[in-house]
Amino acid sequence: MEPITRLEHVSSFNEERGQETLHPLITILDQNKSKPIKVHRFLSGLYIVFFKHEKCADILYGRSQYDYQEESLLFISPGQLAGFEEDGTMIQPNGWALAFHPDLIRGTTLGKTIKDYHFFSYDVREALHVSTREKQIILECFEKIKFELEHPTDKHSRKLIVSNIELFLNYCERFYDRQFISREFVNKDVLTKFEDLVDRYFREDQRLAGLPTVTYCAGQLHLSPKYFGDLIKKETGQSAQEYIQKKVIDVAKERMFDTSKSISEIAYEMGFKYPQHFTRMFKQHVGRSPHDFRTMN
C-alpha cells in the first residue's frame, strides 16, 4: 500500500494537474484542460469541490434512485481522507474543480459559518446530483470566481471571491434540500431501517454498549453522520439525537409496565450508566418522572 500523501497547498493541487496558479490560496480549474493524474489517496488540507461530468459510484440503494446521474458535486474538507487506493492507474480529470485554503476565509463571515455546510462531511455516495438548470447556476458562480482570479488584484478581490464562494455554497444547500425532498422514497426507507435498528438494538440487549449514538446508527445504515443527521431532520423535524432519545423513551415506557423490575434496573437495561440520567431524560421528554409515570399507569 502506497503512503498517504498530504495536500497542503493550492499550488500543489494545480501542479499535479499541470495548470497555472493564479492565487496562492484559491484555484478554480476547467479539469478538461488538466493533464492525466495518478490515482492515489491523500489527506486534504484544503476545501475542495469537484463538479464531475460523469456518473458517480452507486449509492447504497441503487443508481435508479438518483435524481440526476451525469452531473455531480463532491465536497472535501480539511482533515478529510480522499481519493482511491493507488494501483498505478492514470485518469483524465473532467468537469471543474474549486480548491481553497482555510486561510482564504479566515476572519470572514464564511470562515465562521463554513462548518454549517454539512455536505463537506458527506460521503462520496451522498454526492449532490444536479439538474440542467442547477448546473447552469453552478457554472455561473464558478465563472464569477474565475473572473476575479484573472482580474488584477485590488482591495475588493478577496471580498468578492469569498462572497462568490458563499453564494455558491448557499445554492448547494438549496439543491441538497431539493435532493432530500425528491428522494423521499429512499429517505422513508432509511427512516424505516433506522427505527428497526433501534428496536433491534434494545431487543438484543446491548446495554453494555450504552445508548445508541448518531454515529453508531449512521454507520449501521452505511451513511455519514452528517448526512444521516440532515436526512432525519428533513424527514421528522427533529435532530437525529432527539429522534433517538424519543425512541429510547418509547422503549422505556413499555418496560415500565413490568413492575417486577425497579426503575434503576430498567435504566441499566436501557444502557444508562447512572439511573439519575435516565430519570432526567425521561422527565424532560414525558413531563413527569419515571416513578410518577408508572404510578399513573
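The values are calculated or read from the model by the stated rules, or taken from the named source; none is laboratory data. Predicted model only: the values in this text are computed from it and were never measured. Backbone-built Cβ (ideal geometry, glycine too); neighbour counts: all protein chains shown.
For D258, the criteria (1) assigned to a loop (DSSP other than H, G, I, E, B); (2) touching a helix residue (DSSP H, G or I) at 6+ places or on another chain (Cβ under 6 Å) hold in every case but one, which is (2). For segment 267-286, the set of residues classified as surrounded by 19 or more Cβ atoms within 10 Å (Cβ to Cβ) and in a helix (DSSP H, G or I) consists of A267, M270, F278, M281, F282, listed by residue number. If the condition is being closer than 24 Å to Y117 by Cβ, part of a helix (DSSP H, G or I) and modelled with pLDDT under 85, then segment 182-236 contributes S182, E184, V186, N187.
To keep it simple, each residue is scored yes or no on (1) buried (at least 17 other Cβ atoms within 10 Å of the Cβ); (2) under 18 Å from the mean Cα position of the chain (by Cα); (3) not assigned by TED's automatic domain parsing to the domain that holds E173.
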site: M90; (1), (2), (3): no, no, no
site: W96; (1), (2), (3): yes, no, no
site: D103; (1), (2), (3): no, no, no
site: A127; (1), (2), (3): yes, yes, no
site: Q136; (1), (2), (3): no, no, no
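Looking only at segment 1-49, filter to residues that are among the hydroxyl-bearing types (S, T, Y) and in contact (Cβ under 8 Å) with a residue 24 or more places away in the chain; which one of those is nearest to K115 (Cα to Cα)? Here the residue is Y47.
Listed here are the residues, each with its yes/no results for (1) assigned to a helix (DSSP H, G or I); (2) within 22 Å of D103 (Cβ to Cβ); (3) in contact (Cβ under 8 Å) with a residue 24 or more places away in the chain.
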{"residue": "K115", "(1), (2), (3)": "yes, yes, no"}
{"residue": "F119", "(1), (2), (3)": "yes, yes, yes"}
{"residue": "R125", "(1), (2), (3)": "yes, no, yes"}
{"residue": "K135", "(1), (2), (3)": "yes, no, yes"}
{"residue": "E140", "(1), (2), (3)": "yes, no, no"}
{"residue": "E143", "(1), (2), (3)": "yes, no, no"}
{"residue": "K146", "(1), (2), (3)": "yes, yes, yes"}
{"residue": "D154", "(1), (2), (3)": "no, yes, no"}
{"residue": "R158", "(1), (2), (3)": "yes, yes, yes"}
